[in-house]
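Below you'll find the structure, written out as structure tokens, and then a few comments.
The values are calculated or read from the model by the stated rules, or taken from the named source; none is laboratory data. Model, not experiment: these values are computed from the prediction. As a convention, Cβ positions derive from the backbone with ideal geometry for all residues, glycine included, and neighbour counts pool all protein chains shown.
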2 protein chains.
Amino acid sequence: MSLEKLFNPASIAIIGASEDAGKIGTVIAKNILELGFEGEVYLVNPKYDEIFGKKCYKSLSEIPASSADKINLAILAIPAKFVNQEILNNSKNIKNYVVISAGFSEIGEEGRVQEEELKKIAKEKELNILGPNCLGFIAPKIKLNASFAGGMPEAGNIAFVSQSGALAVAIMDAAKKEGTKFSSIVSVGNKMQITETEMLEFLAQDENTKVIGMYLEGIKEGEKFIEIAGKISRVKPVVILKAGKNEKTQRAISSHTGALAGDDEIVSAVFEKSGIIRANNLEEFFALLNFISFSRTVPNQKVAVITNAGGAGVLVSDAFSGKKIQLEDLTEQTKNKLREFLPAESSVENPIDLLGDARSDRYKKALEIISSVPEISSVICLLTPQEQTPVLEIAKEIIKFKDKTDKNITTVFLGGEKVEKAIAKLKQNEVCNFSFPDLAVTAIDSYSQWNEFRAIKTKTLTQMINEKRRAKVLEIIAKAKLENRQALYFGESAEVMAMYGINTVESFEIENYHGRNLGYPVVLKVDSDKVLHKTDKNGVILNIENEMNLSRAVSQMKTNFPQSHLIIQPMAKKGAELIIGIKKDEIFGPVIVYGLGGIYAEFLKTVDYLVPPLSLGQVEKSLLSGKIKFLFQGARGQKRYNVEEMAKILMGISSFALEIPEISEFDINPLIVYNNSQEATAVDVKIII
Amino acid sequence: MSLEKLFNPASIAIIGASEDAGKIGTVIAKNILELGFEGEVYLVNPKYDEIFGKKCYKSLSEIPASSADKINLAILAIPAKFVNQEILNNSKNIKNYVVISAGFSEIGEEGRVQEEELKKIAKEKELNILGPNCLGFIAPKIKLNASFAGGMPEAGNIAFVSQSGALAVAIMDAAKKEGTKFSSIVSVGNKMQITETEMLEFLAQDENTKVIGMYLEGIKEGEKFIEIAGKISRVKPVVILKAGKNEKTQRAISSHTGALAGDDEIVSAVFEKSGIIRANNLEEFFALLNFISFSRTVPNQKVAVITNAGGAGVLVSDAFSGKKIQLEDLTEQTKNKLREFLPAESSVENPIDLLGDARSDRYKKALEIISSVPEISSVICLLTPQEQTPVLEIAKEIIKFKDKTDKNITTVFLGGEKVEKAIAKLKQNEVCNFSFPDLAVTAIDSYSQWNEFRAIKTKTLTQMINEKRRAKVLEIIAKAKLENRQALYFGESAEVMAMYGINTVESFEIENYHGRNLGYPVVLKVDSDKVLHKTDKNGVILNIENEMNLSRAVSQMKTNFPQSHLIIQPMAKKGAELIIGIKKDEIFGPVIVYGLGGIYAEFLKTVDYLVPPLSLGQVEKSLLSGKIKFLFQGARGQKRYNVEEMAKILMGISSFALEIPEISEFDINPLIVYNNSQEATAVDVKIII
């Protein structure tokens, strides 16, 4: 159901309203009554006749039906044990609820049961319930503070969704200082029913929201999240600060909200797939939201920097290291225009150094010249406050200029007291000032990457499930299970891989091998679900060069692994060794991991992640921009490897992962790829069922 | 000569003093006269009789000899063209100078010549000259502002040396707000004579200075810097913000100060060797200086976090990712003590969550309990300002507590207006508050790494030059030069390597090869300074399996490289392929680069740097903590490689690099190392002369 009435109600009931100091019901009642909300408000609490001079009802049923019918939203600040019954009682008339009350899944089993029950009620009665265990929400445009956080932020275009109430409080407080303006602030608490995904869907439609910012500790219903976030990111930028980068944090999260934090690298892969802008920390999160909120245009990758201090210019230039955005090289023509009015000692290279004695006229002229360069979309104005620097005047000039251009003009005014007033002025006038050069560069870079994402038109991704193929694979799996095996034999795995277009090395059962089929050298392997790490356990003998050595190897292997199945394969030709695996993520489902193989693979960690479903284009992009891109670019003295072939293999694995969720582990190690038009070959395939 | 009188003068002459608004000489005169300096001040300018009511001398010679004799320092703010003569004229009486004047090496050839001349004067007359082209310096303890930046920072224990005047201005301005206190602020300008190294030597002795902070764009006399910085870092922490991370920055630097920026990775290696704390950006630089300035103890790696917001605790926990410092696991005993007074829903795991309704008593008790854990040296107190949070009271409790413990108590109070006063109070009382969790963690981590560095007692490093060996190598080089070769033959290189204890693969001249010496398979290589990238140019034929194939290969090679020397080597046994090279750095001299070899080496960039001279201990530490540490740790199913052997090889290369600066390029590629007690073998050695 639409959340419109929940977040934009005309009439509200506060159940558990109070006037006792220190009670949450008191803070909420005050916030709603005193901060300018113009809708109807009904206070409900059996203990009072009046609260703050306003009539208080013993129960919702006391409110005259004609009014009660129009109540869009009930906010509950009553003990957890009464919540479910209260909502059930009113579910016919009131469809939207905010449950502030704590004491649900976050406290353990008992609470979890109650939350499950409430969720069922919501579903059956078709209710929208925000929370439980949340701070509430704030809608500055209608001056509604339906939370127990104080104050009323300025109305603007940032929607902020937080899984931590306290962090929302801190951010609102910081926002006042920063001039940050919100379309809404929503504390989602336990996310019982309204999760990040529902919020994304609602906020995507909200015309007051330009950018969606979220602080998340966990993500619920990962696959749905991927689908929705991917769609919405094409329309509006979504910035997420996602906690849980290491094990200790994940522990802290589980004691905090019980959220499943998820493997951080997979979270990053999901965000990348979905076009979500990931903020690496709280400071970046602030910087990104403010920058996007104030931006006039979505930036491309070309930036100019204007400074009155060489040293500051040098530091901002350093901040571009490792970024996709770049300091644009200026043309001779532009440089000449700059030379016309700048002293000889100035630098007309980007960063443009106006020198320490620059007054506002130099900033103004430089801005005019730079903004006439059509390629550049963002300009950073740096300033350090020398004795002769008219800081405020320069700020005013920048503000004036901003209104005349569609470029993004941002500032980094370094210092303390001397720049304070000017920074306040800039912020009032919606110029984004960053405290430090690095933040400015990071914000522009991240936002411009979103621009790149949005520019790529991808059809909605669906990889069809081939039911016939699925049935065949399941048949093979069933057979193995019948034989009490946990893994497929190599021959079975090869059969499965062939169905997904992946070539495996020839392989012979030892019994059927006649010695002349393959030529030498060959490899002898034990092929058993009991010996999964073959190499570690001497389950592989490489480079067998003749028949005599082979029979010796076979008897040795039979002694070591008496009951096991043995196979013979030709030695694969040398090529680049890759690995491909499927990781089953608890939140996001199957994720493909691929990268460089070989003995050091686990140390070098040159792997990338892909989240199915995929398109060929997406996979190629990942290959050409990921950690093993050098293979496909053709390095010094090396022919390039075939990116199309590799993309098709990964698409095959993606189909396999989607089609056969029954498998519990999968990897190909190694897959040998060639740059001489020989076909890529999976030398070992492990399918655990 | 000692810089003591320069930075702590009793009597100063200002040459070029003025009272015209906007003149640098005016600002300097005012700063010195009006901000509290109690020594003698003489104003000198032929144009004035009086400046600000004080007598002005036409020239220094006019000052009565009895007074003039006592002048410790002359500050010059006159046009560049007069500077050298003026100093020369007074060089007998006055030994210390600050040259504010610009117009020296930073403007090009003409200025460079004048600067060279001035440097010569300084040397001949035994003068100390700060600058030229600098802002001057400030010594808050004696209330001396001998610069043209305004204001007088508070006296404290941070010495700040800046290669950018404007940045110094910005930092001073910010410092006022942050409560940052300085022992001195020095703008070194062109660093003609007093470079970062001289400043380090002086500040190491300065008892008012606890921490030295430097902003540097280039480093002069790299090898001397390494030596001095390495010594001083054992006594005092040195934090450097070094610009020049990418090519564009290096360009910006050269247009700014003409400084040689240096390869950034080598700079990092030098800093690591010297125990210098590298600040990655301006924000970190501030944070580190403030933290060290206020710290009560040098932190170990164990940290506790106390928070009133789970979400904030989660974010600080995330900030520990990739750091050496850790959230210390609390013992059951400690947890029980916490449980005694905390509500059941609190978390007694580290980060300790006191919950959103925590008042100062919970902070106080938690601080008491944590500070009784002897292992923990640092505590971060986080706070978000809920309605019921008594922010100021908590700050006061933290301040009170800080004076009772020798732990480092730092804070991260998140928010805006609601925490502003409390933060100011904390800073006034020398509690370091960080705006964001990540900064706190980074600062503690960096400072604790310095602690680790200082704890390792290393004898002063000198690797002896073996003159006899040097002579032998030079003889080989001379012979090659005589033959007009730019590279040594493999046989010659092997001879050289043997002198440094490095084993190379056996090698036979094609002429002397009898086919039976080696057994097969063998390798045929062209060995010529004309074919340096052998593999790229088909100058190597691998895996020759018998005599027939060998003679075929020889004739093929002779056709392709008709004039070239050919050699035969046995195929090396499989092992780990490494590379070792010597990079000649313009600033720091020879630097050893070593890492993983093989075909992907240049893409994977698993290399580390070592700066000679070295000790065996240092090299082993680098091997065991660097990018290829996994080889020496013994990974899953793999025997470990011999770290002592590898360290000795690198020590040999270090001796070679120091002993034979004549070589212009050097690498071993590959060096094959084994984990089965076989000796490491250099398969190819390139010595370019």
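Quick one: count up the residues across the stretch B:513-545 that are away from chain A (no Cβ under 14 Å) and either assigned to a strand (DSSP E or B) or at pLDDT below 85 (or both).
Summing the residues that are away from chain A (no Cβ under 14 Å) and either assigned to a strand (DSSP E or B) or at pLDDT below 85 (or both) in the stretch B:513-545 gives 17.
Considering only residues of the stretch A:603-626 that are farther than 27 Å from residue A:660 by Cα and at the interface with chain B (Cβ under 9 Å from one of its Cβ atoms), which is surrounded by the most Cβ atoms within 10 Å (Cβ to Cβ)?
The qualifying residue surrounded by the most Cβ atoms within 10 Å (Cβ to Cβ) is A:604.
Is one or more of the residues making up the stretch B:312-323 under 29 Å from residue A:26 (Cα atoms), in contact with a Lys or Arg (Cβ under 9 Å, 6 or more places away or on another chain) and among the hydroxyl-bearing types (Ser, Thr, Tyr)? Explain how you work it out, then say what you get.
First, the residues of the stretch B:312-323 that are under 29 Å from residue A:26 (Cα atoms): B:312-313.
Remaining after also requiring in contact with a Lys or Arg (Cβ under 9 Å, 6 or more places away or on another chain): none.
No, the conditions are met nowhere in the stretch B:312-323.
Being in the same structural domain as residue B:281 (by TED's automatic domain parsing), small (Gly, Ala, Ser) and in a helix (DSSP H, G or I) is the requirement here; does residue B:159 meet it? Write out each step before concluding.
On the way: in the same structural domain as residue B:281 (by TED's automatic domain parsing): yes; small (Gly, Ala, Ser): yes; in a helix (DSSP H, G or I): no.
Here the answer is no, as residue B:159 does not meet what is asked.
Identify, by number, the condition in (1) buried (at least 19 other Cβ atoms within 10 Å of the Cβ); (2) part of a helix (DSSP H, G or I) that residue B:82 doesn't meet.
Looking at each condition in turn, residue B:82 falls short on (1).
Quick check on the stretch B:358-369. Is at least one of its residues surrounded by fewer than 23 Cβ atoms within 10 Å (Cβ to Cβ), in contact with a Phe, Trp or Tyr (Cβ under 6 Å, 6 or more places away or on another chain), at pLDDT 95 or above and not assigned by TED's automatic domain parsing to the domain that holds residue B:171?
yes
Which of the helices (runs of 4 or more DSSP H) found entirely inside the stretch A:357-453 contain at least 1 residues meeting this: within 14 Å of chain B (Cβ to nearest Cβ), closer than 25 Å to residue B:153 by Cβ and aliphatic (A, V, I, L, M)? Spell out how you get there, then give the answer.
Values: elements: A:360-371, A:391-402, A:417-428.
Ranges flagged: A:391-402, A:417-428.
Which of the numbered conditions does residue B:92 fail, given that it passes all the others? Conditions: (1) under 16 Å from residue B:44 (Cβ atoms); (2) more than 33 Å from the chain's Cα centre (by Cα).
(1)
Here are some conditions: (1) farther than 16 Å from residue A:580 by Cβ; (2) at pLDDT 95 or above. Residue A:677 meets all but one. Which one does it not meet?
(2)
Select from the stretch B:200-232 the residues that are of a type in the set (A, V, I, L, M) and either free of Cβ contacts under 8 Å to residues at least 40 places away in the same chain or in a strand (DSSP E or B) (or both) and list them in ascending order. Step through it out loud before you land on a result.
Of all residues in the stretch B:200-232, those of a type in the set (A, V, I, L, M) come to B:200, B:203-204, B:211-212, B:214, B:216, B:219, B:226, B:228-229, B:232.
Correct list: B:200, B:204, B:211, B:212, B:214, B:216, B:228, B:232.
Can you tell me which of (1) hydrophobic (A, V, I, L, M, F, W, C); (2) assigned to a helix (DSSP H, G or I); (3) surrounded by fewer than 22 Cβ atoms within 10 Å (Cβ to Cβ) is the one residue A:649 doesn't meet?
Of the numbered conditions (1) hydrophobic (A, V, I, L, M, F, W, C); (2) assigned to a helix (DSSP H, G or I); (3) surrounded by fewer than 22 Cβ atoms within 10 Å (Cβ to Cβ), the odd one out for residue A:649 is (3).
When you go through (1) in contact with a Ser or Thr (Cβ under 9 Å, 6 or more places away or on another chain); (2) in contact (Cβ under 8 Å) with a residue 24 or more places away in the chain; (3) closer than 18 Å to residue B:672 by Cα one by one for residue B:498, which number turns out not to apply?
Unmet condition: (2).
I need the full set of residues from the stretch A:159-179 which are touching a residue at least 12 places away in the same chain (Cβ under 8 Å), surrounded by fewer than 24 Cβ atoms within 10 Å (Cβ to Cβ) and farther than 22 Å from residue B:357 by Cα, in order please.
Once the filter is applied, which keeps residues that are touching a residue at least 12 places away in the same chain (Cβ under 8 Å), surrounded by fewer than 24 Cβ atoms within 10 Å (Cβ to Cβ) and farther than 22 Å from residue B:357 by Cα, the stretch A:159-179 yields A:176, A:178, A:179.
Has the stretch A:123-130 got at least one residue that is touching a residue at least 24 places away in the same chain (Cβ under 8 Å) and within 13 Å of another protein chain (Cβ to nearest Cβ)?
Among the residues of the stretch A:123-130, not one is touching a residue at least 24 places away in the same chain (Cβ under 8 Å) and within 13 Å of another protein chain (Cβ to nearest Cβ), which makes the answer no.
Answer with yes or no whether residue A:173 is within 14 Å of chain B (Cβ to nearest Cβ), more than 25 Å from residue A:583 (Cβ to Cβ) and at pLDDT 90 or above. Lay out the reasoning, then the answer.
On the way: within 14 Å of chain B (Cβ to nearest Cβ): yes; more than 25 Å from residue A:583 (Cβ to Cβ): yes; at pLDDT 90 or above: yes.
Against the criterion (within 14 Å of chain B (Cβ to nearest Cβ), more than 25 Å from residue A:583 (Cβ to Cβ) and at pLDDT 90 or above), residue A:173 qualifies.
So which pairs qualify, if the first residue must be in the stretch A:606-625 and on the phi < 0 side of the Ramachandran plot, the second must be acidic (Asp, Glu), the Cβ gap must be under 8 Å, and the two must be at least 6 apart or on different chains?
Listed pairs, sorted by first residue: A:609/A:265; A:620/A:644; A:622/A:608.
Check whether at least one residue in the stretch A:334-347 is within 14 Å of chain B (Cβ to nearest Cβ), over 20 Å from residue B:163 (Cβ atoms), of a type in the set (A, V, I, L, M, F, W, C) and surrounded by fewer than 15 Cβ atoms within 10 Å (Cβ to Cβ), and report yes or no. Even if it seems obvious, please write down each step before you answer.
Within the stretch A:334-347, the subset within 14 Å of chain B (Cβ to nearest Cβ) is A:335, A:338-339, A:342-347.
If we keep only those that are over 20 Å from residue B:163 (Cβ atoms) too, we end up with A:335, A:338-339, A:342-344.
Now narrow it down to the ones that are of a type in the set (A, V, I, L, M, F, W, C): A:338, A:342, A:344.
Narrowing the set further to residues that are surrounded by fewer than 15 Cβ atoms within 10 Å (Cβ to Cβ) leaves A:344.
Within the stretch A:334-347 (the criterion being within 14 Å of chain B (Cβ to nearest Cβ), over 20 Å from residue B:163 (Cβ atoms), of a type in the set (A, V, I, L, M, F, W, C) and surrounded by fewer than 15 Cβ atoms within 10 Å (Cβ to Cβ)), the answer is yes, since at least one residue qualifies.
Based on what the data block shows, is residue B:510 among the β-branched types (Val, Ile, Thr) and either modelled with pLDDT of 90 or more or in contact with a Pro (Cβ under 8 Å, 6 or more places away or on another chain) (or both)?
Details: among the β-branched types (Val, Ile, Thr): yes; either modelled with pLDDT of 90 or more or in contact with a Pro (Cβ under 8 Å, 6 or more places away or on another chain) (or both): no.
Considered against the rule, which asks whether it is among the β-branched types (Val, Ile, Thr) and either modelled with pLDDT of 90 or more or in contact with a Pro (Cβ under 8 Å, 6 or more places away or on another chain) (or both), residue B:510 comes out as no.
For the stretch B:588-606, which positions are under 22 Å from the mean Cα position of the chain (by Cα), not hydroxyl-bearing (Ser, Thr, Tyr) and not in a strand (DSSP E or B)? Don't jump to the end; show me each part of the working.
First, the residues of the stretch B:588-606 that are under 22 Å from the mean Cα position of the chain (by Cα): B:588-595, B:605-606.
Adding the requirement that they be not hydroxyl-bearing (Ser, Thr, Tyr) leaves B:588-593, B:595, B:605.
Residues satisfying the conditions are B:588, B:605.
Got at least one residue in the stretch B:307-323 being more than 12 Å from chain A (Cβ to nearest Cβ), of a type in the set (A, V, I, L, M) and buried (at least 22 other Cβ atoms within 10 Å of the Cβ)? Explain how you work it out, then say what you get.
Applying the first criterion (more than 12 Å from chain A (Cβ to nearest Cβ)) to the stretch B:307-323 yields none.
No - not one qualifying residue is present in the stretch B:307-323.
Taking residue B:408 and the conditions (1) closer than 19 Å to residue B:301 by Cα; (2) of a type outside the set (Gly, Ala, Ser); (3) surrounded by fewer than 23 Cβ atoms within 10 Å (Cβ to Cβ), which numbered condition does it fall short on, given that it satisfies the others?
Unmet for residue B:408, out of (1) closer than 19 Å to residue B:301 by Cα; (2) of a type outside the set (Gly, Ala, Ser); (3) surrounded by fewer than 23 Cβ atoms within 10 Å (Cβ to Cβ): (3).
If the requirement is being under 19 Å from residue B:131 (Cβ atoms), within 34 Å of the chain's Cα centre (by Cα), β-branched (Val, Ile, Thr) and at pLDDT below 95, which of these qualifies: B:75, B:32, B:24, B:100? Please lay out each step first, then the result.
Numbers: B:75 fails: at pLDDT below 95; B:32 fails: at pLDDT below 95; B:100 fails: at pLDDT below 95.
Among B:75, B:32, B:24, B:100, only B:24 is under 19 Å from residue B:131 (Cβ atoms), within 34 Å of the chain's Cα centre (by Cα), β-branched (Val, Ile, Thr) and at pLDDT below 95.
Quick check on this structure: which one of A:41, A:27 is free of Cβ contacts under 8 Å to residues at least 60 places away in the same chain, among the aliphatic types (A, V, I, L, M) and not in a loop (DSSP other than H, G, I, E, B)? Outline the logic, then answer.
Working: A:27 fails: free of Cβ contacts under 8 Å to residues at least 60 places away in the same chain.
Of the residues listed, the single one that is free of Cβ contacts under 8 Å to residues at least 60 places away in the same chain, among the aliphatic types (A, V, I, L, M) and not in a loop (DSSP other than H, G, I, E, B) is A:41.
Check residue A:111 against each of (1) part of a helix (DSSP H, G or I); (2) outside the structural domain of residue A:13 (by TED's automatic domain parsing) and name the one condition it does not meet.
Failed condition: (2).
Test of understanding: among B:121, B:87, B:94, which residue is assigned to a loop (DSSP other than H, G, I, E, B), modelled with pLDDT of 90 or more and not basic (Lys, Arg)? Step through it out loud before you land on a result.
Working: B:121 fails: assigned to a loop (DSSP other than H, G, I, E, B); B:87 fails: assigned to a loop (DSSP other than H, G, I, E, B).
The unique qualifying residue is B:94.
Of everything in the stretch B:96-126, what is touching a strand residue (DSSP E or B) at 6+ places or on another chain (Cβ under 9 Å), crowded, with 21+ Cβ neighbours inside 10 Å and among the charged types (D, E, K, R)? Give them in sequence order.
none
Looking at residue A:76, is it among the hydrophobic types (A, V, I, L, M, F, W, C) and surrounded by fewer than 23 Cβ atoms within 10 Å (Cβ to Cβ)?
On the way: among the hydrophobic types (A, V, I, L, M, F, W, C): yes; surrounded by fewer than 23 Cβ atoms within 10 Å (Cβ to Cβ): no.
Here the answer is no, as residue A:76 does not meet what is asked.
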